1. Which of ARG195, ARG55 has the fewest other C-beta atoms within 10 Å, and how do the rest follow up to the most?
2. Any idea how many Lys pairs in segment 2-266 come in under 28 angstrom at the alpha carbon, given 8 or more places apart or on separate chains?
3. If amide H atoms are built 1.01 Å from N in the plane of the peptide, which residues on other chains or at least 5 residues away come under 5 Å of the amide H of ALA165?
4. Quote the relative contact order of segment 172-255 in percent (integer), defining contacts as alpha-carbon pairs under 8 Å separated by 6+ residues.
5. When a footprinting reagent is the concern and you count Cβ atoms within 10 Å, what order do ASP220, ASP196, ASP247, ASP234 take, fewest first?
6. Between LYS161 and LEU95, what's the calculated FRET efficiency when r is the beta-carbon distance and R0 is 22 Å? Round to 0.05.
7. Kirkwood hydrodynamic radius for the chain: how many Å is it when counted over pairs of different Cα atoms?
8. Going by how many other Cβ atoms sit within 10 Å of their own, how do ARG248, ARG45 line up, fewest first?
Amino acid sequence: MLKQRIITALILLPIALAGFFLLQGGDFALFIGCVVTLGAWEWARLAGLMAQPMRIAYAAVVAAALMLLYLLPELAPWVLGAAVIWWGLATWLVLTYPRSSELWSSAACRLLIGLLVLLPAWQGLVLLKHWPLGNFLILSVMVLVWSADIGAYFSGRAFGKRKLAPHVSPGKSWEGVYGGLGVSLLIALGVGLVRDWSIGQLLLGLLGAVVVVMASVVGDLTESMFKRREGIKDSSNLLPGHGGVLDRIDSLTAAIPMFAVLLWAAEWGVM
């Protein structure tokens, strides 16, 4: 399994890095759109659609929606606003699972939720890419999420006692969350000092890092909640040794739109 994970990572990493940081404009939107469309195909399974034609049809609907958003960039505020509302609601759904599953048990509801998970993530990345600091901003949100994941893993293993969401993901603990958050805040502090932020900017940056990291936790738990509802471990086996596309981007689907909204509101993204 470890060998398989390493081989897959060695193949995918250069492709991902080139796609995220070398492509521009429509090429970048198309690259991210392909990733999101694969995620949509996986989400259809989480929504209870097992037949391949139905899963492919849902992925096609998502691809068409992405094309519409690309052609109508004025819809971006509405898409990101919907994401803020959805991830706030998702937090409550995760904390009250399994009782909350009664509210979203229908396939139609879960398919709609898939749109709220996937479309804003694409929209957020496309928006970040268009800003002058685009590549830096995309790298920043990824580093925040990845460092939080790494910190949470080690602090959870060392100190984890209080379960974060035992009915959703029994292995995660509050101690892990605190550890991951601490690592991310240290990185954000370092970036602020290097870039010579003012005290006010630094405080806002740290507060924003907290919001983004906590959103990433909710994104991870939300996919876990849907997988647990369907009784599956991975969203697919597209990535040998790593599960599916959604398993790799679940945290980012929540973190990216929140990051974009915060930067947009603070007018930092265009500086």
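Rule-based calculations on the coordinates, nothing more; no lab input. No experiment lies behind these values; they were computed from the predicted model shown. With ideal geometry, Cβ positions are generated from the backbone for all residues, glycine too; neighbour counts draw on all protein chains shown.
1. On the way: ARG195 11, ARG55 19.
Taking fewest neighbouring Cβ atoms as first place, the list is ARG195, ARG55.
2. Pairs that pass both the separation and distance tests number 11.
3. Counting only residues 5 or more places away or on other chains, the set is LYS172.
4. Numbers: 62 pairs, mean separation 22.6, N = 84.
The value is 27 percent.
5. Numbers: ASP220 26, ASP196 8, ASP247 21, ASP234 14.
So the ranking, lowest neighbour count to highest, is ASP196, ASP234, ASP247, ASP220.
6. 0.75
7. Values: mean 1/r = 0.0525 Å⁻¹.
Taking every pair of different Cα atoms in the chain, averaging 1/r and inverting gives 19.0 Å.
8. Values: ARG248 17, ARG45 21.
Fewest-to-most ranking of ARG248, ARG45: ARG248, ARG45.
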